[in-house]
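So the structure is just underneath, and the comments pick up after that.
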Amino acid sequence: MMSKDYEDLCTGHSDAFGVSRREFLNRVGLGLGGIALSQLLGSNSLQASSDTPFLSAPHFVPKAKRVIFLFQSGGPSQLDLFDYKPLLNERHGEQLPESVRQGQRLTGMSGNQSSIPLVGSPYTFKQHGESGHWMSNLMPYTAQISDEICMVKSLYTDAINHGPATVFMQSGSQLDGRPSIGSWVDYGLGRDNENLPSFVVLTTKNKKGQPLKTGLWGSGFLPTKHQGIRFRASADPVLYLNNPAGVDEKSRRMMLHRLRELHEHQFKGTPDESIQARISQYEMAFRMQASVPEATNMRDEPDFVFDEYGPDSREPGTFAANCIQARRLAERGVKFIQLYHKGWDQHNNLMERLEQQCLETDQASAALVKDLKRRGMLEDTLVIWGGEFGRTNYSQGKLIPETFGRDHHPRCFSFWMAGGGVKAGHTYGETCPFGYNVVKDPMHIHDFHATLLYLLGIDHEQLTYKFQGRRFRLTDVHGQVAKDILA
């Protein structure tokens, strides 16, 4: 015979335990679920919920303290800017040899062309500085810093279209939802300035091109406090940061104190890391009310700085103004600063559109490097310039001199880097005479990410986060540091 207590429990009458059977089972279920959740999140959940970084100390002595990534969205034509291929001019108009293409897939925009004519660059190339970097006449200012930059000509990616290629460059995966580079860096190393975010994004205003979604600087499955914060070219650089009308600083501070107490009470009953992240973000927003206006107010910049960065630099939201803003943020301890400049997708009218893009970016990009060096910051600031892939060596559509364009090309493209522990005046990698395939020192996107993290003092294989039963990292399951570019 069953005991009275057990019988009451089974029949739903449990005065002995003070709860109904349904409530008892719910509590047991929640308890088991909590145990399972804590095991799933592992120790990283405790680490991520605090304000301390993942790494108590870098794995290596860092060569760079911060990164400024000048991302040129759309795919700049390396063949018209940096990767000089005189053979293309000699064989201009001839068909792309199958021995060069080797059956590689083309996009749907040019894959059905009956003719795939090679097209040489219409621009003049020269070697510059002691480094001897080849650059076209579209990059006169970048040519002036030739001896400061490391030119990488052998990057390649797995993606052939903009969406997945841009996501791949920013997160190490072609699929949406993974943490961005800046989020990984913030998670791994933490902040240098408690009054500013560690990861800031600046976008050029009023630019047409491939859309930029906020997930590109999102934190993915990392705690939300690691996501990038976009600074806009407006009176309110960060949305909803300022106090509403009628609310002063004292009232805001009192409200945050009470809100923190409520969140802490909630955390005691439901120890969810997102609650602590929310507390942290509210406190950061309060501190940013004072720090952001100071950091974004460029009225104290002398005239010669604006002159150096170019005529657009006085207009907020331009690429040139964003480059000055990036330097100001770097001075104030922001660790990862990303600029996005759209419009490099020249499927047609390449000459007109490419020349405009270079006018908007060349002078300011070079000025940023010069400015950082003058202030003694270049040696520990890694500056990166490049897009998500390159352009083809053949014409998309008919080869018409005035209006020809180039299609997407993932097999090889060029980046340049400066400062932050890379070899100045160095060229890494080489492409074939047709500019179609890498023939020396290939650098996959995962290799690029591994190298970037290494320069910051991080072993890319050790920077992980456990999510859904698996440990993830920026470089997924492979990636090698390109040690030949290290100073």
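Between Val439 and Ala245, full extension at 0.36 nm per residue minus the direct alpha carbon distance yields a gain of 63.7 nm.
Could you state the angle between the C-alpha long axis of helix 350-374 and the longest principal axis of the C-alpha atoms of the chain, as a value from 0 to 90 degrees rounded to the nearest 10? So the helix axis and the longest Cα principal axis differ by about 70 degrees. If R0 is taken as 30 Å, the Cβ-Cβ distance between Thr214 and Thr464 corresponds to a FRET efficiency of 0.75. For segment 355-389, applying the loop criterion from DSSP together with a ceiling of 12 other beta carbons within 10 Å to the trypsin sites (Lys or Arg not before Pro) yields Arg375. Under the simplified labelling scheme, the Asn297-Glu402 pair shows an inter-label distance of 5.2 nm, with each label point 7 Å from Cα along Cα→Cβ. Just one of (1) 20; (2) 13; (3) 26 is percent of Cα pairs over 42 Å apart as worked out from the coordinates here. Which one is it? Computing percent of Cα pairs over 42 Å apart and matching it to (1) 20; (2) 13; (3) 26 gives (3). For segment 49-120, chymotrypsin sites (Phe, Trp or Tyr not before Pro) meeting the loop criterion (DSSP other than H, G, I, E, B) and having at most 15 other Cβ atoms within 10 Å: Phe60. A Förster radius of 41 Å combined with the Cβ-Cβ distance from Lys483 to Gln266 puts the calculated FRET efficiency at roughly 0.25. Relative to the Cα centre, the charge distribution of segment 297-449, modelled as +1 at Lys and Arg Cβ and -1 at Asp and Glu Cβ, gives a dipole magnitude of about 340 debye.
If you plug the beta carbon distance of Asn349 and Arg232 into 1/(1 + (r/R0)^6) with R0 = 41 Å, you get a FRET efficiency near 0.85. Working note: 222 nm ellipticity from helices only, DSSP H runs with n ≥ 4, each -39,500 (n - 2.57), summed and divided by the residues of the chain, gives -11000 deg cm²/dmol to the nearest 500.
No value in this document is a laboratory result; all are computed from the given coordinates. Predicted, not measured: the structure shown is a model, and the values here were computed from it. We place every Cβ from the backbone using ideal geometry, glycine too, and count neighbours over all the protein chains shown.
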